[in-house]
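What follows is a set of notes on a single structure, which appears directly below.
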Amino acid sequence: MRLNGNKEYAMDRPSQGNHRAEASRCQFLIYVHQKLRYSSVPEEIMRPTVHDIAANAGVSLATVDRVLNGRPGVRAVTRARVEAAIRSLGYVRDMAAANLAKGRIYPLVFIVPAGENPFMRGLEAEVRAAVDRSAFERTRISIVNVPPFDPAALVAAIDAAIAAGVAGIAAVAVDAPEVAAAICRARTAGIAFVTLVSDLANSGRDHFCGVDNVAAGRTAGSLMARFLGARPGPVAVLAGSMRVRDHRERLEGFRIMMAEAGGGRPVLDVLEGQDDPELAEALIAKCLENNPDLAGIYSLGAGNGGLVAALAAAGRDDLCVIAHELTAPTRAGLESGLIDAVLNQDAGHEVRSAIRTLRAKADGLPVIEAQERIRIDIFIKENLPPESGVAPPPAVPDEH
């Protein structure tokens, strides 16, 4: 009820106590609203920002920017304070956003052997798939094919990439001094370099994207020893070339296990088939003819189509045969019973690992070793994965 003509209803003007209650109620509602709003916000949205670093270190945003980008003009004590703030806050820079803001694109080159090696063609197919994603990932990827096991051609490709001013190079290495020197030139020029599938550890390369090949050879030797048991007879080894480290390391691991777990079983001289199916077929056919007591074959390279053809022609499905890389020829060998087991490395993982590593090195960021470790898969007839149905592309001379 209105008390007089100049006063409002009592409920229209709350008392001082009501003011305090209303303020408390509003604060509570704001608190609840914020909890409901931000409890579902993804964690990455609430990560520390450059503003948090500046506030924590007591410096300007410009100073934080100089430290993050490694630019001069910051005193050592101030830089240390900013770096301490970065560590204490757990700040991780969003390089994708930073590079997008700068319009930065990473030109990367993959140098892959040409020829009929099915694994290398599959590796190249994975690189081409990465090319399709490259615009989104702020990369520009080109592929260069070189003759396999040819140090001079590999050196020429590396030097051409250096001259082009790329950000990073990934290459299947050939173990030769001139290749190591070319990799050193790339690193001196500030270009990140990773070896792919086959390593060259003494070259100064940044990282190796591939399996532990000594462990792969030991695994093959262990399987061979278990499968053969007490059966007598020597074992043959088919390689591509002893000029590549991955083949030498696999042979090293295999021989160790033949001596340890195989009871000292004889291992014949290595047959170098240059990853050529026709040459591999001829070498295996001659080996079978000269060694009727042969117990097993370890194929540590490619050319396995020729291996399977030679075994089929000789009717030798009684041998223990271990091969590398799940390709069309080795899959056919497993399905027909001519190959007992295949050790495989994930080419897609290796390519993605190479790209991540090259970008991290170009940005001066650490490589997450656990993420980049490539595992060794073992396939037998009973656990074959479905075929992808995607045919690898034909080899091309050069796309540089």
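Computed values, structure above
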read-out: Where a residue in the stretch 160-175 is without any contact (Cβ under 8 Å) to a residue 60 or more places away in the chain and its partner, wherever it lies, is assigned to a helix (DSSP H, G or I), with Cβ under 7 Å and at least six apart; value: I162/R185; I162/A186
read-out: Residues (under 16 Å from the mean Cα position of the chain (by Cα) and in a loop (DSSP other than H, G, I, E, B)) located in the stretch 124-175; value: S134, E137, V172, A173
read-out: Tally of residues being touching a residue at least 40 places away in the same chain (Cβ under 8 Å) and within 19 Å of L319 (Cβ to Cβ) across the stretch 225-243; value: 12
read-out: Looking only at the stretch 176-208, and only at residues there that are under 16 Å from the mean Cα position of the chain (by Cα) and among the hydroxyl-bearing types (S, T, Y), the one that is nearest to R250 (Cα to Cα); value: S198
read-out: Criterion: at positive phi and touching a residue at least 12 places away in the same chain (Cβ under 8 Å) - qualifying residue of D212, D246, D275; value: D275
read-out: Residue ID - surrounded by the fewest Cβ atoms within 10 Å (Cβ to Cβ), chosen from residues in the stretch 243-271 that are touching a strand residue (DSSP E or B) at 6+ places or on another chain (Cβ under 8 Å) and under 19 Å from D150 (Cα atoms); value: L271
read-out: Output for the stretch 117-148, where each listed residue is touching a His at 6+ places or on another chain (Cβ under 6 Å) and of a type in the set (K, R); value: none
read-out: Considering residues of the stretch 354-380 that are closer than 30 Å to D340 by Cβ and among the aliphatic types (A, V, I, L, M) only, the residue surrounded by the fewest Cβ atoms within 10 Å (Cβ to Cβ); value: I380
read-out: Residue list for the stretch 80-114, filter: at pLDDT below 90, surrounded by 12 or more Cβ atoms within 10 Å (Cβ to Cβ), of a type outside the set (A, V, I, L, M) and in a helix (DSSP H, G or I); value: E83, S88, N99
read-out: Only one of L307, L319, L311 that is under 11 Å from A236 (Cα atoms) and assigned by TED's automatic domain parsing to the domain that holds L223; value: L319
read-out: Subset of the stretch 256-268 (residues that are under 11 Å from L238 (Cβ atoms) and of a type outside the set (A, V, I, L, M)); value: none
read-out: Test: S299 is at pLDDT 95 or above, surrounded by fewer than 20 Cβ atoms within 10 Å (Cβ to Cβ) and out of contact with any Lys or Arg (no Cβ under 7 Å at 6 or more places or on another chain); value: no
read-out: Looking only at the stretch 307-324, and only at residues there that are charged (D, E, K, R) and touching a helix residue (DSSP H, G or I) at 6+ places or on another chain (Cβ under 9 Å), the one that is surrounded by the most Cβ atoms within 10 Å (Cβ to Cβ); value: R316
read-out: Given (1) farther than 27 Å from L200 by Cβ; (2) of a type in the set (K, R); (3) crowded, with 19+ Cβ neighbours inside 10 Å, number of the condition R231 does not satisfy; value: (3)
read-out: Count - residues of the stretch 55-80 that are over 35 Å from the mean Cα position of the chain (by Cα) and of a type in the set (K, R); value: 1
read-out: I183, sole failed condition from (1) crowded, with 18+ Cβ neighbours inside 10 Å; (2) in contact (Cβ under 8 Å) with a residue 40 or more places away in the chain; value: (2)
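The values are calculated or read from the model by the stated rules, or taken from the named source; none is laboratory data. Given the structure is predicted, the values throughout are model-derived calculations rather than measurements. For neighbour counting, all protein chains shown are included, and Cβ atoms are generated from backbone atoms with ideal geometry for every residue, glycine included.
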